[in-house]
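**Q** Got a structure here, written out as C-alpha cells. Questions coming.
The values are calculated or read from the model by the stated rules, or taken from the named source; none is laboratory data. Quick caveat, the model's predicted, so the values are computed rather than measured. Here the Cβ is made from the backbone with ideal geometry for all residues, glycine too, and neighbour counts use every protein chain on show.
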Amino acid sequence: MAYTGDVRRGSAPATRTLDHLTVTKVSVGPTDNNAYLLRCGDDRVLIDAANDAPALLELIGEAGIRAVITTHRHYDHWQALAAVVEATGARSLAHAADAAEIPVVTDTLADGDKIPVGEGELEVIHLVGHTPGSIALLYRDPNGHAHLWTGDSLFPGGVGNTGQDAARFGSLIDDVEHKLFDRLPDDTWFYPGHGKDSTLGTERPHLAEWRERGW
C-alpha cells in the first residue's frame, strides 16, 4: 500500500521506505500526536515519544533506538519520553530553550546541529514562536526530495498555535517562511506533530493568506 501519512489513534502505523531511510508514522494519545521512527541500517531514532509508551516500545522492538528527539516542550509531545528512555537507554535530545520543561534531556540542540541517522543526518532548524525551543528536522534524501519533520510549527493549512500573541506569531511565520519555504523546494514533504502530511509546494501559495489572518 502506498504511503499517505494518514494515521489515527488505534490505526496501524504507516511506513515509507526511501533508498536510505525508512520512516514509520504512528498516532498515539488522546490528541492524536504523531510519533516517527526513523531507521537507516542498524541506526534508529524516534521523533516525539508523545504518549502510549507500550505502543511506542512495541514499534521500536528489540533493536532499540539510539536517541529520542523532542520537537518542543509541550506536554503532549513527551508523555512517554521517560519510559521510552528508561526502557531503551536512548539519548534524549531537545533544543536548549525548551529543555528545562522536558522531563528527561541528556543533550541539548541548537540551530544548524546535525543528528546522524545511519549514513544520513537530520539538520536541526530552530523555529521560534510555538515555543521558544521548537525545532524542525530536515533530511535531504540523496536520491530524492527533502523530508521535514515540523513538530507543531507547521501544519497543512498554517503555522502552529501562538496563543493569539502577535509577537510570537510574527516570529513563527517569519521563521517558517525564511528558514523553510525560502530554503527548500516545493517537493519537500513535511510530517507534522498532528494530522496528515503535506508538501511545501501545496502550502506555499497560502503564505500571504496565513500572514494576513494572523494565525
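**Q** Please specify each residue of segment 1-55 satisfying the condition of being β-branched (Val, Ile, Thr) and either over 20 Å from residue 137 (Cβ atoms) or crowded, with 18+ Cβ neighbours inside 10 Å (or both). Don't jump to the end; show me each part of the working.
**A** We begin by selecting, within segment 1-55, every residue β-branched (Val, Ile, Thr); these are 4, 7, 15, 17, 22-24, 26, 28, 31, 45, 47.
Within segment 1-55, 4, 7, 23, 24, 26, 28, 31, 45, 47 meet the criteria.
**Q** For the condition in contact with a Lys or Arg (Cβ under 9 Å, 6 or more places away or on another chain), free of Cβ contacts under 8 Å to residues at least 60 places away in the same chain and either under 21 Å from residue 110 (Cβ atoms) or acidic (Asp, Glu) (or both), what is the one hit in 43, 52?
**A** Working: 43 fails: free of Cβ contacts under 8 Å to residues at least 60 places away in the same chain.
Answer to the check: 52.
**Q** Hey, another quick one. On the given criteria, is residue 186 touching a Phe, Trp or Tyr at 6+ places or on another chain (Cβ under 6 Å) and of a type outside the set (Phe, Trp, Tyr)?
**A** Working: touching a Phe, Trp or Tyr at 6+ places or on another chain (Cβ under 6 Å): no; of a type outside the set (Phe, Trp, Tyr): yes.
Here the answer is no, as residue 186 does not meet what is asked.
**Q** Shifting gears a bit: From 19, 6, grab the single residue that is assigned to a loop (DSSP other than H, G, I, E, B), under 19 Å from residue 149 (Cβ atoms) and within 17 Å of the chain's Cα centre (by Cα). Explain how you work it out, then say what you get.
**A** Values: 19 fails: within 17 Å of the chain's Cα centre (by Cα).
Answer to the check: 6.
Conditions tested, residue by residue: (1) closer than 22 Å to residue 139 by Cα; (2) under 15 Å from the mean Cα position of the chain (by Cα); (3) not basic (Lys, Arg).
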| position | (1), (2), (3) |
| --- | --- |
| 69 | yes, yes, yes |
| 83 | no, no, yes |
| 90 | yes, no, yes |
| 95 | yes, yes, yes |
| 106 | no, no, yes |
| 109 | yes, yes, yes |
| 116 | yes, no, yes |
| 119 | yes, no, yes |
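**Q** Pairs needed: first member in segment 95-122, in contact (Cβ under 8 Å) with a residue 60 or more places away in the chain; second member anywhere, among the aliphatic types (A, V, I, L, M) and in a loop (DSSP other than H, G, I, E, B); C-beta distance under 8 Å; at least 6 residues apart or different chains.
**A** Between residues of segment 95-122 that are in contact (Cβ under 8 Å) with a residue 60 or more places away in the chain and residues that are among the aliphatic types (A, V, I, L, M) and in a loop (DSSP other than H, G, I, E, B), the close pairs are 117/21; 118/21; 120/21.
**Q** Could I ask something else about it? Among the candidates 144, 170, 163, 133, which residue alone is modelled with pLDDT of 95 or more, part of a loop (DSSP other than H, G, I, E, B) and more than 14 Å from the chain's Cα centre (by Cα)? Step through it out loud before you land on a result.
**A** Numbers: 144 fails: modelled with pLDDT of 95 or more; 170 fails: part of a loop (DSSP other than H, G, I, E, B); 133 fails: more than 14 Å from the chain's Cα centre (by Cα).
Just a single option satisfies the conditions, and that option is 163.
**Q** Which residues, taken from segment 65-109, are out of contact with any strand residue (DSSP E or B) (no Cβ under 7 Å at 6 or more places or on another chain) and surrounded by fewer than 17 Cβ atoms within 10 Å (Cβ to Cβ)? Please lay out each step first, then the result.
**A** From segment 65-109, those out of contact with any strand residue (DSSP E or B) (no Cβ under 7 Å at 6 or more places or on another chain) are 73-75, 78-80, 82-83, 86-89, 97-98, 100-101, 103; that's our starting set.
Of everything in segment 65-109, those that are out of contact with any strand residue (DSSP E or B) (no Cβ under 7 Å at 6 or more places or on another chain) and surrounded by fewer than 17 Cβ atoms within 10 Å (Cβ to Cβ) turn out to be 75, 82, 83, 86, 87, 89, 100, 101, 103.
**Q** Failed condition for residue 203, given (1) part of a helix (DSSP H, G or I); (2) surrounded by fewer than 18 Cβ atoms within 10 Å (Cβ to Cβ), with all others met?
**A** Every listed condition holds for residue 203 apart from (2).
**Q** From the residues in segment 57-94 that are touching a residue at least 60 places away in the same chain (Cβ under 8 Å) and in a loop (DSSP other than H, G, I, E, B), which one is nearest to residue 14 (Cα to Cα)? Walk me through it before giving the result.
**A** At the first step, the residues of segment 57-94 found to be touching a residue at least 60 places away in the same chain (Cβ under 8 Å) are 69, 71-74, 77.
Subsequent filtering for residues that are in a loop (DSSP other than H, G, I, E, B) retains 71-74.
On the way: 71: 20, 72: 23, 73: 25, 74: 24 Å.
Filtering first and then ranking leaves 71.
**Q** Within segment 178-200, can one find any residue that is touching a Lys or Arg at 6+ places or on another chain (Cβ under 8 Å) and either farther than 26 Å from residue 7 by Cβ or in a helix (DSSP H, G or I) (or both)?
**A** Yes, because at least one residue in segment 178-200 is touching a Lys or Arg at 6+ places or on another chain (Cβ under 8 Å) and either farther than 26 Å from residue 7 by Cβ or in a helix (DSSP H, G or I) (or both).
**Q** Could you grab the pairs with beta carbons closer than 8 Å, sequence gap of 6+ or different chains, first residue in segment 194-215 and at pLDDT 95 or above, second one hydroxyl-bearing (Ser, Thr, Tyr)?
**A** Note: pairs meeting the criteria are 194/31; 196/4; 197/4; 197/191; 199/188; 200/188; 201/188.
**Q** Restricting to segment 140-174, and then to whatever is among the hydroxyl-bearing types (Ser, Thr, Tyr) and surrounded by 22 or more Cβ atoms within 10 Å (Cβ to Cβ), can you tell me which residue is farthest from residue 68 (Cα to Cα)?
**A** Filtering segment 140-174 for residues among the hydroxyl-bearing types (Ser, Thr, Tyr) gives 150, 153, 162, 171.
With the extra rule that they be surrounded by 22 or more Cβ atoms within 10 Å (Cβ to Cβ), the set shrinks to 150, 153.
Values: 150: 15, 153: 19 Å.
Among those residues, the one meeting the criterion is 153.
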